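The values are calculated or read from the model by the stated rules, or taken from the named source; none is laboratory data. From a predicted model like this one, the values you see are computed outputs, not experimental measurements. Counting neighbours? That spans all protein chains shown, and the Cβs are built from the backbone with ideal geometry, glycine included. Just so you know, the surface numbers come from the protein's heavy atoms only, side chains and all, with ligands and any DNA or RNA stripped out. Shrake-Rupley method; radii C 1.70, N 1.55, O 1.52, S 1.80 Å.
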Amino acid sequence: MAAGAVDRLLSAGSGDAALLYLWLLKTGGEYDAAGAARALKWDPARADGAMQLLAGMKLADPKRSKAPPAPAPAEPPEYTAADLNRELENPASPFPALVSEVQRRLGKVLSTADLKSLYTVYDFAGLPAEVILLAVSWCAEETGRKYGTGQKPRLPQIQKECFRWKELGVDTAEGAEAHLKRLASLRTRTGRILALMDIRDRPPVAREREYITAWVDMGFSDEAIRLAYERTVLKKQTLNWPYMNSILKSWHQKGLHTPEQITAGDSQRPQRPAGATAPQPAPPGEADRRAREDMERMRAFLRQQSKEGN
């Protein structure tokens, strides 16, 4: 560290600025608020505040963004009781408050296994505490709706949901609130689509929910989904989810998402061979002439039959 930088840090009297400067030395000067917050156990706003101090001292450039991070390990580490205790005893960490609030919402004291699941989401996935709490609330609401009031989700279920949010890029409080609005809307739409498919006595299983979510994301109207269901039952004599999904995917590839578009652009009538011409209607009066000739032939046939019978 250069002596001039040390002098400026000392004159500023900011421990946060000094710690962030050391972290920037490790990253080669590339700044990432979320990464700094995780490394220093701060919230991103605190990291940004320290960064502004360094920028004012000409010791860092806040506009220099961090290079793309290295791929994260595929599996989370095996956290030990010592890891948990160290985090729980850290007065600067949001994790103890997160544990307390999760326990309150679930109505139980978290076991060591539960704490490891929660810490995995907090440390390995890197989700902010407020995002984790919103995920916990959503899981609790869904569990109560499916299995009855008073039923609470297990921590592995919450961990799985949090990782799903992470994969979707839901890693801020604002993003989580928007995601929850979409989930609530999708839940209402899913119930309506199930009714269109004559399923009214049970919630969808995970794979069924995935199908319905994909159809909604493709932009299909309820009426178009009902039409695909009717064609599926007509062909298979029962609901067949993969077959119905293949119909809707085919329509989506053709840009057909409403019954009107489907009727106009996806006729199921047999296609004529190339070069064949459509049958032409008989000219006026021709149909009547053919009918009279048919009647005369029938009368002649009957007279002949009568003579042979005599």
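Here are a few things to note about the model shown:
- Close pairs (9 angstrom Cβ cut-off, 6 or more residues apart or separate chains): within 15 Å of ILE225 (Cβ to Cβ) and at pLDDT 90 or above in the stretch 188-214, open to solvent by less than 50 Å² (accessible area, probe 1.4 Å) and charged (D, E, K, R) anywhere: ARG189/ASP222; THR190/GLU208; ARG192/ASP222; ILE193/ASP222; LEU194/GLU208; LEU196/ASP222; ILE199/GLU208; ILE212/ARG189
- The number of residues in the stretch 136-171 that are within 21 Å of VAL109 (Cβ to Cβ) and open to solvent by 30 Å² or more (accessible area, probe 1.4 Å) comes to 8.
- The set of residues in the stretch 215-230 being open to solvent by 50 Å² or more (accessible area, probe 1.4 Å) and either touching a residue at least 12 places away in the same chain (Cβ under 8 Å) or part of a loop (DSSP other than H, G, I, E, B) (or both) consists of GLU223, ARG226.
- Qualifying positions in the stretch 200-214 - assigned to a loop (DSSP other than H, G, I, E, B) and more than 23 Å from SER250 (Cβ to Cβ): ARG200, ASP201, ARG202, PRO203, VAL205
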